[in-house]
1. Residue by residue, what Karplus-based ³J(HN,Hα) values in Hz, rounded to whole numbers, does the stretch 493-509 have, using 6.51, -1.76 and 1.60 with θ = phi - 60° and x for Gly and Pro?
2. Using modelled backbone amide H atoms (1.01 Å from N, in-plane), which distant-in-sequence or interchain residues come within less than 5 Å of Asp366's amide H?
3. For Ser508, which sequence-distant residues (separation of 5 or more, or a different chain) have an amide H within less than 5 Å of its own amide H, given hydrogens modelled in the peptide plane?
4. Say the dipole of the stretch 307-384 comes from +1 at the beta carbon of Lys and Arg and -1 at that of Asp and Glu; which of His354, Thr322, Thr383 then lies farthest toward its positive end?
5. Quick check for me: using +1 on Lys/Arg Cβ and -1 on Asp/Glu Cβ, what's the dipole size of the stretch 275-443 about its Cα centre, in debye to the nearest 20?
6. Please list, in chain and number order, the residues 5+ apart from Gly422 or on another chain whose amide H is under 5 Å from its amide H, with Hs placed from the backbone.
7. Let's see if you can work this out: charge +1 on each Lys and Arg Cβ, -1 on each Asp and Glu Cβ, no other charges. What is the dipole magnitude of the stretch 447-521 about its Cα centre, in debye to the nearest 20?
8. Return an integer: the convex hull volume of the alpha-carbon atoms of the stretch 447-521, in Å³ per residue.
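What follows is calculated from the coordinates using simple rules that are stated; it is not laboratory data. For clarity, every value in this text was computed on a predicted model and none was experimentally measured. Glycine also receives a Cβ, built like all others from the backbone with ideal geometry; neighbour counts cover every protein chain displayed.
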Amino acid sequence: MSDKRENCQYWEKCYRKDKAHLLTYQHPAENKKAAEPVTKTADEVKPAMRKEKTLELTEEEITSPPAKPGMRKRKTHEISVENGDSTEPVAKKAKKEQPMVVDEETEPVKKEETKPVKKAPPTRAASKTTPSTSTATTAGAVRARCKYWDKCFRKDKGHKTLYVHPGDPDEKQSVKEGVAGRTRTSARPKPLHRMDSVDAVVYGGYTLKRTGSNYECNCSSFTGEKNFGKALNMKTCTHLIQYLGEDYERSRCELPAKGKKETKPPQHVHISVLLAHKYKDGDTNPKGWWMSEKLDGVRAYWNGRCFYSRLGNAFYAPAWFTKDLPRDMHLDGELFGGRKKFQSTVSIVKTPEHPKWNTIKFCVFDAPHLEKEPFEKRMKAITDQFEKVKPEYAKFVEHERCTGKDHVDKELKRIIDLGGEGLMIRQPGSKYERTRSHTLLKIKKFHDAEAIVIGFEPSKSNPGLTGALRVQMANGKQFKVGSGLTNKDRKNPPKKGTIITYKFQEYSNSGTPRFPTYVGVRIDMTEPKDAEGVVTEGKDDE
């Protein structure tokens with residue numbers, strides 16, 4: 001018996017599964033030998049639509065939830081619009097005549113499967129052009145990416161012609177809207193010291209290595225918490241900064257955006273400085289050595305941006321104080337407020353906005369970035385810089401050649417009479433060693449050491465004030481120090497756990513200092529340190 005059903009006009013492209021449609025039209029899956037689909041005109045299709053209206057449905061189909069009116073009709077035209085198979089408009093009255101749409105499982109068609117898709121109206125850009133020009137882009141033009149990218153739901157050709165979406169052939173050539181033409185150009189400063197690829201340099205006791213464009217250091221800071229999770233080319237440390245230069249490292253590792261404000265210098269960095277041994281008569285002939293006053297100030301290391309203590313803690317000086325200091329040089333010196341003013345100097349440099357910063361001078365005596373050069377060249381580099389710039393709040397510490405032991409004794413007496421602390425002598429031609437070195441010696445009339453505060457003794461005359469500090473030496477011995485405390489210190493004494501500096505002439509038989517004098521708080525130390533080579537009471541140096 002021959003099938004009298006008409007061929008579906010969408011033939012193999014038809015995706016409808018409802019029984020009403022399948023009973024009315026024939027599809028390839030039902031008859032492999034069926035003829036090719038015959039294109040129907042609009043007038044020939046309408047009677048078939050009316051036939052769907054009069055179709056008798058079973059009781060099970062009637063009780064199923066109905067689909068939205070007109071949904072089947074719109075869904076039919078979604079294919080025709082996208083594939084260009086038909087331009088037949090949807091009749092408005094067809095929405096009223098549309099029977100309920102039920103799939104083969106007798107369940108309502110899912111919302112996403114029956115989403116109505118109307119024939120897209122022309123876009124604003126396409127509406128002003130002819131149909132021929134709206135379907136093609138200008139040859140060689142780079143289309144912009146759709147701002148919704150993979151979330152875009154639009155299917156109209158006008159939109160797809162103007163914008164690139166994921167999967168398009170020219171996806172890689174596309175540019176983001178508003179970003180076209182932007183490029184980052186940055187002139188990176190040159191390093192202070194050049195390192196060839198696969199080259200290693202020992203610096204400050206650590207090995208610096210370059211591999212390609214990456215730099216490494218074997219210090220704990222490079223592999224520590226500050227660099228955790230960073231890419232190798234973004235890691236740095238104090239030694240790389242000092243060796244390659246602050247500006248070069250900031251550019252290499254951070255690449256800040258143009259116009260971005262400079263960040264505040266870090267509160268803590270790793271610092272390695274040259275430290276002195278104590279001078280002993282007969283051990284060293286000072287003739288020909290460089291001699292200068294030992295300043296009783298706060299040791300400070302200028303790294304081109306900020307002052308740092310020996311422990312690497314920042315001293316944030318006012319901008320007007322540092323404006324004349326070089327940005328491409330590292331300077332080692334003392335923040336000095338005057339002789340016998342150590343405590344007030346400490347108070348000032350610890351407070352960035354202290355009103356008495358103008359009473360402080362940065363007294364420079366070395367240039368660590370030229371550590372491999374002899375002291376004479378480092379000294380000349382500093383003096384040349386200061387002669388050119390003439391900084392208001394910095395100066396170079398005067399050095400003179402020592403002619404012998406008598407010259408040392410005479411100069412030491414003069415400095416002590418002025419209220420100074422002592423002398424420093426430096427070996428000629430010596431390099432800047434970032435450790436304690438015998439190329440730098442200190443000469444003083446008294447001994448000084450550091451102790452930790454463990455308690456307080458009340459004043460006998462005024463119980464509300466502190467009479468003395470109870471402190472502990474590095475060897476565990478304890479003693480009291482009250483001489484040297486000012487009224488301010490007695491009202492607000494150093495807290496327990498604070499490291500203080502005291503001076504004395506000799507040790508008693510018990511091993512504690514005789515007549516110790518309080519000097520001040522030591523902000524660049526965390527542990528007590530006893531004096532070396534001190535004469536014990538009743539004994540000589542032998």
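1. Residue by residue, the stretch 493-509 yields x, x, 6, 4, x, 6, 8, 10, 9, 9, 10, 7, 9, 7, 8, 7, 4 Hz.
2. For Asp366, the qualifying residues are Asp332.
3. Here the answer is Arg514, Glu537, since their amide H atoms fall under 5 Å of that of Ser508.
4. So the residue we want is His354.
5. On the way: 32 positive and 24 negative charges, 50 e Å.
Its charge dipole is roughly 240 debye.
6. The list, which skips near neighbours in sequence, is Lys294.
7. Working: 11 positive and 5 negative charges, 57 e Å.
Roughly 280 debye, rounded to the nearest 20.
8. Numbers: hull volume 6.1 nm³, N = 75.
With only Cα atoms used, the stretch 447-521 gives 82 Å³ per residue.
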